[in-house]
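Visitor: Before I ask anything, here is the structure I am working with.
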Amino acid sequence: MASSCVQQLCRRSTSHLRSKTSCVTLLYSTHVQNHVAGVRTADKTNAGGDLIIHGNHSIFHTSQRRQQVGVCYYSGYNASPLLPTEHRDTKELTDALSQIKDAQHLTETNARLDTDEAVYPSASEEITDKDASHTMVPSTLPSESSSLRDYVDESETLSKLVQLGVKLWKLEQRPNVGTMLLKLDFQTDVVPRLLFLKEMGVEDSGLAYILSDNPFILKEDLENLHARVNYLKSQKFSPETVASMVTRAPYLLNFSVKRLDNRLAFYQQQLGLNSSKTRGIVARLPRLLSGSLEPVKETLRVCKIELGFKENEIQHMVMLVPKLLTSNKRKLTQIFDYLHNTMKVQHHLIVKFPQVFNSRLLRIKERHLFLDYLGTAQYDSDQPNYISLDRLASLPDEAFCTEVASATLEDFIMFQKTM
Amino acid sequence: MAIRAIRKFRWVEGLFCVYKPPGVHWKLVRDRIETCILEVRGPEFRRIKVGVGHRLDASSSGVLVIGVGRGNKPLNDLYQMCCTRDYTLEGEFGFATDNFSRTGRIVERSTYDHVTQDKLEKVLAMLQQANQKALLIHSNVDMRSQEAYEMAVTGELGPQGKSPPILTGLRVTGFQPPFFTLELQCLNETQRYLRKVVHEIGLELRSTASCTAVRRTRDGPFTVDQALTRGQWTAAQVALTIQHYNNSKRQSRPLPAPAAL
């Protein structure tokens, strides 16, 4: 995060400086001189290493200390609302270096000055009002921090994002995201993209969700974003659909037009559906476009070969429950195995109710065993007292007990404890 | 909001038990409970301390003691204390596997027609005798002392701290060849050891047996009746259970002795 800034800074200045610790810059003036730039470095690694430069009367400790000057930045130097970012740091560093070089020239001439006669202005000394107005108060912003909390008050971008409802606490945990957000300028970067999203039809709550998930959308080129949305519209997705797709799959607009095109073609080809049905599936589950394609291929292979579903059966199931395509291979096989081999449910019934694959295997097991114990486990649609798979898997516990099993919830709980 | 949340947390802190279903790793159970209790979302409440008592391996089921927040301290004490646990084992005659349960590779098959209930009970009696001896040995008390007698009378005779697994009680509750059910109380056990016990019972009976199910019905003072099943893992239910448990603890505390006259 910001530590990488400081580290880069240090690497650049190793020829002059060695210490890596952060320091506080104090600018103060004595009552003797006017504009005196005093720099005190509190070097943590060097206890008692005080370095004080006064304008004309600079007292420079001997050359050994010179090497232990820490990284400094004059925080009040450029009055800007944003934080000192990388390039500002280097500018200030070069300023600091030039000042130090000037000071060095002076010290070499005054090298014989006694260190005992150091003119340390005491903190309890009173200064005149004129000098007080020249005093610059140091900013307390740390140059590196592990959380964005320290910067939120100062940074316009961050505070506006928080007002929108973006989950900064989640974002700051991701590597480099915090630095990126800090460097953004609100007016030139963030606002045009937010307006663009709003034009598309995304609601305010959706904005917060998109940014919490995909902050990198703020770095995408506006032209590219426009091009991608136009492409989707050209594929006959309605504007509202596009808005909802972007809200639910925030990374969608980060993909190039070519990539989106390839993916749509992939689904159309693999599933063998016509374009309007493909559109329907993708609109319902936009994750399909923004996720990886390998698991989908794997799942389709599993359905065809291991589970033995025919092409049209797979089409039917995916049309009903598109989430099947992204489900776990192991889960699919386990549930299918239990349904087909233990519960003896035929293929055609499973095809009718693909939502059983969404539920947990344990739930199906417990309920089936309960019905078995009661003697009412009947899954053949031709027989009386038939229990459909979706009622078995999707009903909440209470409803399942009363309607399907004709027993009380307590009985079911007691049964669960005997498993 | 934060203060209210903290206050809400106080209700949920304590000890309670859940029913771990078979086929699930105990860690997943613990994580699930943590998520369920953390109904208050936000940057401050991302994690709470949820501790687990004696563990249950993936294919066993039964009572799993959970401690939340401040309840972790008494959980630790409970763990150190040597109290027995109740198990129900279901076994099947006819085959032996390498990991003593159904999921392993079958190593041997045999007949079991000659096995009758009283033969089984004889074997169990023998096992119990061996375990009783082990109990006395590991209790580190001289058997001929008055102290040992008093401890045995009050039922406190037993190993303190680490010892090999010891079965303190063992009986048959169901016998329908090839299936049989055992109920036992034990100390310092692991589920793998219990399956091994079933395997050894088969060997003693000159047949083979393997364990099909291990179910813990009691862990110290926590029984199956109080355990929460998966549908009940919510903060509200947990708070209720803890309150109930605290009340019952208060009731069972012995009254202070009357002052001597």
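The values are calculated or read from the model by the stated rules, or taken from the named source; none is laboratory data. None of the values given here were measured: they were computed from a predicted structure. Counting neighbours? That spans all protein chains shown, and the Cβs are built from the backbone with ideal geometry, glycine included.
Visitor: Looking only at the stretch A:359-369, which residues are part of a helix (DSSP H, G or I) and free of Cβ contacts under 8 Å to residues at least 12 places away in the same chain?
Guide: Within the stretch A:359-369, A:L362 is the sole residue that qualifies.
Visitor: For the stretch B:68-88, check the following and say yes or no: at least one residue is assigned to a helix (DSSP H, G or I), more than 19 Å from the chain's Cα centre (by Cα) and polar (S, T, N, Q).
Guide: Checking the stretch B:68-88: not a single residue is assigned to a helix (DSSP H, G or I), more than 19 Å from the chain's Cα centre (by Cα) and polar (S, T, N, Q).
Visitor: Just one of (1) surrounded by 14 or more Cβ atoms within 10 Å (Cβ to Cβ); (2) in contact with a helix residue (DSSP H, G or I) (Cβ under 7 Å, 6 or more places away or on another chain) trips up B:H138, so point out which.
Guide: Going through the list (1) surrounded by 14 or more Cβ atoms within 10 Å (Cβ to Cβ); (2) in contact with a helix residue (DSSP H, G or I) (Cβ under 7 Å, 6 or more places away or on another chain), B:H138 breaks only (2).
Visitor: Against the condition surrounded by fewer than 14 Cβ atoms within 10 Å (Cβ to Cβ) and among the polar types (S, T, N, Q), how does A:S244 come out, does it pass?
Guide: Criteria not met by A:S244.
Residue by residue, here is whether (1) part of a helix (DSSP H, G or I); (2) at pLDDT 90 or above; (3) surrounded by fewer than 17 Cβ atoms within 10 Å (Cβ to Cβ); (4) more than 14 Å from chain B (Cβ to nearest Cβ) holds:
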position	(1), (2), (3), (4)
A:F336	yes, yes, no, yes
A:F357	yes, yes, no, yes
A:L371	yes, yes, no, yes
A:T376	no, no, yes, yes
A:D380	no, no, yes, yes
A:Q383	no, no, yes, yes
A:V404	yes, no, no, yes
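Visitor: Right, next: Could you list all residues from the stretch A:385-399 that are within 11 Å of another protein chain (Cβ to nearest Cβ) and either surrounded by fewer than 14 Cβ atoms within 10 Å (Cβ to Cβ) or modelled with pLDDT of 90 or more (or both)?
Guide: Correct list: A:P396, A:E398.
Visitor: Let me ask something additional. Restricting to the stretch A:155-207, give me the number of residues that are assigned to a loop (DSSP other than H, G, I, E, B), among the small types (G, A, S), away from every other protein chain (no Cβ under 14 Å) and within 30 Å of A:L232 (Cα to Cα).
Guide: The qualifying residues number 1.
Visitor: Quick check: is even one residue across the stretch A:201-210 of a type in the set (V, I, T), touching a residue at least 40 places away in the same chain (Cβ under 8 Å) and surrounded by 14 or more Cβ atoms within 10 Å (Cβ to Cβ)?
Guide: Yes: the stretch A:201-210 contains one or more residues that are of a type in the set (V, I, T), touching a residue at least 40 places away in the same chain (Cβ under 8 Å) and surrounded by 14 or more Cβ atoms within 10 Å (Cβ to Cβ).
Visitor: If I filter the stretch A:208-228 for residues that are touching a Gly at 6+ places or on another chain (Cβ under 7 Å) and either outside any loop (DSSP other than H, G, I, E, B) or among the polar types (S, T, N, Q) (or both), do I get at least one hit?
Guide: Yes, that holds for at least one residue.
Matching residues to (1) modelled with pLDDT under 85; (2) within 21 Å of A:L252 (Cα to Cα); (3) of a type in the set (K, R):
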| residue | (1), (2), (3) |
| --- | --- |
| A:R149 | yes, no, yes |
| A:D153 | yes, no, no |
| A:E156 | yes, no, no |
| A:L181 | yes, yes, no |
| A:Q187 | yes, no, no |
| A:L195 | no, yes, no |
